[in-house]
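Below is one structure, written out as structure tokens; the observations come after it.
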Amino acid sequence: MTAPPREPAPPFAPPIALPPAARPAQLIGRALLLRCPACGTPGILRNWLTLRARCPGCALKLDRGTPGHFVGAYLVNLIIAELLFAVGLGAWLLAAWPDVPWDLVERVAVVAMLVAPLVLYPFTRTVWLAADLIFDPQRPGDR
């Protein structure tokens, strides 16, 4: 008994080859500096909360075209903000125990939880883009 013939694999565009130095650590490092993860060009932010449509240096589409592409960045942003808040609050409570200024803790906590996600937002967007480029390398349609 013979096995049925296999269907041919669907055609796809091969990934654009990145320079050998563009390893994951370098992509993440560039993203943490708010630069294009692919080429390192600065100026990918239109303003603190908005990315440009394309990198000014390499013309990489910064929104990779998938619906909901940056939802993961929002999630990572909130997780990091919550973790930083929890660690900071825990350290403050340990340092001030047993005379914790609860009124001050309450006010600082509210401000910290409003400000931290806004401060972290561009970093999580660019790091998310770098992670996407690591797991789904550039294709010709990305430029």
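The values are calculated or read from the model by the stated rules, or taken from the named source; none is laboratory data. A quick note: this is a predicted structure, and the numbers were derived from the prediction, not measured. Methodologically, a virtual Cβ is constructed for each residue, glycine included, from the backbone with ideal geometry; neighbour enumeration extends over all protein chains shown.
Among the residues of the range 110-121, is there at least one that is of a type in the set (S, T, Y), touching a strand residue (DSSP E or B) at 6+ places or on another chain (Cβ under 9 Å) and modelled with pLDDT of 90 or more? No, the conditions are met nowhere in the range 110-121. Could you please find all residues in the range 17-37 being at pLDDT below 90 and surrounded by 15 or more Cβ atoms within 10 Å (Cβ to Cβ)? L18, A22, listed by residue number.
Residues considered: G68, G57. Of these, the only one that is among the small types (G, A, S), without any contact (Cβ under 8 Å) to a residue 60 or more places away in the chain and in contact with a Cys (Cβ under 6 Å, 6 or more places away or on another chain) is G57. Quick check on my filter: what residues within the range 84-143 are more than 30 Å from L60 (Cβ to Cβ) and of a type in the set (D, E, K, R)? Residues satisfying the conditions are D99, D103, E106, R107. The conditions of being at pLDDT below 90 and on the phi > 0 side of the Ramachandran plot are met by G68.
Yes/no matrix, rows are residues, columns are (1) of a type in the set (D, E, K, R); (2) in a helix (DSSP H, G or I); (3) more than 13 Å from the chain's Cα centre (by Cα); (4) surrounded by 11 or more Cβ atoms within 10 Å (Cβ to Cβ):
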position	(1), (2), (3), (4)
N77	no, yes, no, yes
I80	no, yes, no, yes
A95	no, yes, yes, no
P98	no, no, yes, no
D103	yes, yes, yes, no
L114	no, yes, yes, no
L133	no, yes, no, yes
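Screening W92 on (1) out of contact with any strand residue (DSSP E or B) (no Cβ under 7 Å at 6 or more places or on another chain); (2) closer than 30 Å to A38 by Cα shows it passes everything except condition (2).
The set of residues in the range 38-75 that are within 15 Å of Y121 (Cβ to Cβ) and outside any loop (DSSP other than H, G, I, E, B) comprises L45, R46, N47, T50, L51, V71, G72, A73, Y74, L75. Of the numbered criteria (1) out of contact with any helix residue (DSSP H, G or I) (no Cβ under 9 Å at 6 or more places or on another chain); (2) farther than 27 Å from L49 by Cα; (3) free of Cβ contacts under 8 Å to residues at least 12 places away in the same chain, the one P140 fails is (3). The residues of the range 33-63 that are within 19 Å of D136 (Cα to Cα) and among the hydrophobic types (A, V, I, L, M, F, W, C), listed by number, are C36, A38, C39, A53, C55, C58, A59, L60, L62. Evaluate the following for W92: is it of a type in the set (F, W, Y) and free of Cβ contacts under 8 Å to residues at least 24 places away in the same chain? Answer is yes for this residue.
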